[in-house]
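Have a look at the structure below, then the notes.
Please treat every number below as a calculation from the coordinates, not as lab data. Keep in mind it's a predicted model, so treat the numbers as computed, not measured. Glycine also receives a Cβ, built like all others from the backbone with ideal geometry; neighbour counts cover every protein chain displayed.
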Amino acid sequence: MSHISEAQRILAAYCALEDTALSRPSRADRALANNLVARGLTFDLLQTAFILATARRRLASTSSHPIRSLAYFIPIIDELLSHPPDPDYIQYLASRLHGPKNCGST
C-alpha cells in the first residue's frame with residue numbers, strides 16, 4: 001500500500017470515529033497522518049489507539065467535547081509503542097464499543 005493511501009486510510013478511520021468532531025481532516029491532521037506513516041506506524045496500531053482512546057473517554061465520561069485533532073492520539077500511540085496491549089483486550093474493548101457485528105450486513 002502506498003504512503004499516501006495508508007495516510008488516507010488512517011484519516012478516514014479517524015474522521016469516522018463517533019467522538020470526532022470533523023467529517024474531513026484538517027491540514028494539520030493530514031500532515032500528521034503522513035508523518036505517522038513516514039515513521040513506519042501501521043494502520044493497525046492507529047486503529048488500536050483509536051479504540052483505546054475512545055474506551056477511556058467513554059469510561060471517564062468527563063469529556064463531553066469531541067476530539068478535534070488527530071494529535072489527541074499521540075500520547076496513546078507512544079504508550080502503545082512502549083507497552084503493547086494484549087490483542088484480546090483490544091478486541092474486547094472494540095466489541096464493547098461497537099457491539100456485536102451483524103454478519104448479514106454489507
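For this structure, a couple of remarks:
- Each Lys or Arg adds one and each Asp or Glu subtracts one; over the other residues with Cβ under 12 Å from the Cβ of ILE76, this totals 0.
- Residue by residue, the range 84-89 carries 3J(HN,Hα) couplings of x, x, 5, x, 5, 5 Hz when phi is fed to the Karplus relation 6.51 cos²θ - 1.76 cosθ + 1.60 (θ = phi - 60°); x denotes Gly or Pro.
- Under 5 Å, built H, 5+ apart or other chain: amide partners of ILE67: THR20, ALA21
- The HN-Hα couplings worked out from phi for the range 23-30 by the Karplus form 6.51 cos²θ - 1.76 cosθ + 1.60 (θ = phi - 60°) are 9, 10, x, 6, 4, 5, 5, 5 Hz, whole numbers, x standing for Gly and Pro.
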